[in-house]
Ligand SMILES: NC(=O)c1ccc[n+]([C@@H]2O[C@H](COP(=O)([O-])OP(=O)(O)OC[C@H]3O[C@@H](n4cnc5c(N)ncnc54)[C@H](O)[C@@H]3O)[C@@H](O)[C@H]2O)c1
């Protein structure tokens, strides 16, 4: 019960890494706001937590829309009375948005990726911080190993990679500025993890061979690998840790 009675908003919690964070946080005693733009799946996640005896509520939100993000935080306060943790996880990626190597990335693709991955993280932090300051709470942002290393040819979605590097800058800025107020911020940098987002890679033989080299502990991570790291960073066990980027990458960044 490392998060007993803590109130946590988890964005992008309707599936994948966010869902696993919601489930792990609930197991540790936290009250969960499952925040996602897809209500059907989000409500299912909420219901499965409640069915196991946890406390969760669903809020439909598009993290790129300021008024929706502001409402997500104020509804959390109305519902639970406080906010202790923000897991800023919602993210999108891929060529279907128009992403690609910089010279091929469309303007629309760049804007679409940034709107969710960077503006969405900024908005979530902007509206959550006043509440987190009241509880000496903390933020866990979900970046990526691709925010730490450059493109090596096989991964060529440069807007995505730039957005993930931007999240690290955002997190460090918050960590440095608000440490005097007792507020912590850290980032997770997952390698390839088995979710919907990894679907294209998993069927690409050439890419999977490369992944096996990059992630010798894997070849591919599980959502719970990320969720358990989020629990640790959000808990009091990490009360002296702020401003760090924790790779969860099966050895990728060690090379
Ligand atoms: N899966 C990986 O290999 C991997 C690796 C590194 C980093 N990440 C990061 O982890 C995070 C979660 O990814 P995932 O793999 O679980 O992906 P996923 O696609 O399975 O889940 C993403 C969730 O975010 C939600 N979402 C997307 N846009 C949103 C918006 N505008 N507003 C609210 N919710 C929105 C989706 O509805 C979905 O539920 C992302 O930030 C992603 O960049 C994933």
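The values are calculated or read from the model by the stated rules, or taken from the named source; none is laboratory data. Small disclaimer: the values here were computed from a predicted structure and weren't measured. Methodologically, a virtual Cβ is constructed for each residue, glycine included, from the backbone with ideal geometry; neighbour enumeration extends over all protein chains shown.
If you go through the range 118-150 and keep only what is in contact (Cβ under 8 Å) with a residue 40 or more places away in the chain and part of a loop (DSSP other than H, G, I, E, B), you end up with 136, 137, 143, 144, 148, 149. Out of 139, 129, 107, which single residue is surrounded by 20 or more Cβ atoms within 10 Å (Cβ to Cβ), away from the ligand (no atom under 16 Å from the Cβ) and at pLDDT 95 or above? Only one candidate passes the filter, namely 129. Residues in the range 26-48 that are more than 15 Å from the ligand (Cβ to nearest atom) and either surrounded by 21 or more Cβ atoms within 10 Å (Cβ to Cβ) or closer than 28 Å to residue 115 by Cβ (or both): 26, 30, 31. Please work out if residue 100 is touching a residue at least 12 places away in the same chain (Cβ under 8 Å), surrounded by fewer than 23 Cβ atoms within 10 Å (Cβ to Cβ), within 14 Å of the chain's Cα centre (by Cα) and within 25 Å of residue 192 (Cα to Cα). Considered against the rule, which asks whether it is touching a residue at least 12 places away in the same chain (Cβ under 8 Å), surrounded by fewer than 23 Cβ atoms within 10 Å (Cβ to Cβ), within 14 Å of the chain's Cα centre (by Cα) and within 25 Å of residue 192 (Cα to Cα), residue 100 comes out as no. Here 175, 189, 229 are screened, and the one residue that is touching a helix residue (DSSP H, G or I) at 6+ places or on another chain (Cβ under 9 Å) and surrounded by 18 or more Cβ atoms within 10 Å (Cβ to Cβ) is 189. Within the option set 198, 185, 189, 176, being assigned to a helix (DSSP H, G or I) and either at pLDDT 95 or above or closer than 26 Å to residue 2 by Cβ (or both) holds for one residue only, 176. Scanning the range 12-43 for residues that are in a loop (DSSP other than H, G, I, E, B) and under 15 Å from residue 227 (Cα atoms) yields 12, 13, 14, 15, 28, 29, 30. A single entry from 157, 173, 141 fulfils the requirement of being out of contact with any strand residue (DSSP E or B) (no Cβ under 6 Å at 6 or more places or on another chain) and under 19 Å from residue 113 (Cβ atoms): 157. Would you say residue 198 is within 17 Å of residue 90 (Cβ to Cβ), out of contact with any helix residue (DSSP H, G or I) (no Cβ under 7 Å at 6 or more places or on another chain) and within 12 Å of the ligand (Cβ to nearest atom)? Answer is yes for this residue.
Taking residue 68, is it under 21 Å from residue 141 (Cβ atoms), touching a helix residue (DSSP H, G or I) at 6+ places or on another chain (Cβ under 8 Å) and in a helix (DSSP H, G or I)? No.
In contact (Cβ under 8 Å) with a residue 60 or more places away in the chain, within 16 Å of the ligand (Cβ to nearest atom) and not in a helix (DSSP H, G or I): is that true of residue 56 in this structure? Criteria not met by residue 56.
Does any residue of the range 201-223 turn out to be part of a helix (DSSP H, G or I), within 12 Å of the ligand (Cβ to nearest atom) and more than 21 Å from residue 150 (Cα to Cα)? Checked against the condition, which is being part of a helix (DSSP H, G or I), within 12 Å of the ligand (Cβ to nearest atom) and more than 21 Å from residue 150 (Cα to Cα), the range 201-223 yields at least one hit.
Looking only at the range 79-97, decide whether some residue is surrounded by fewer than 24 Cβ atoms within 10 Å (Cβ to Cβ), in a helix (DSSP H, G or I) and within 13 Å of the ligand (Cβ to nearest atom). Yes, the range 79-97 contains a residue that is surrounded by fewer than 24 Cβ atoms within 10 Å (Cβ to Cβ), in a helix (DSSP H, G or I) and within 13 Å of the ligand (Cβ to nearest atom).
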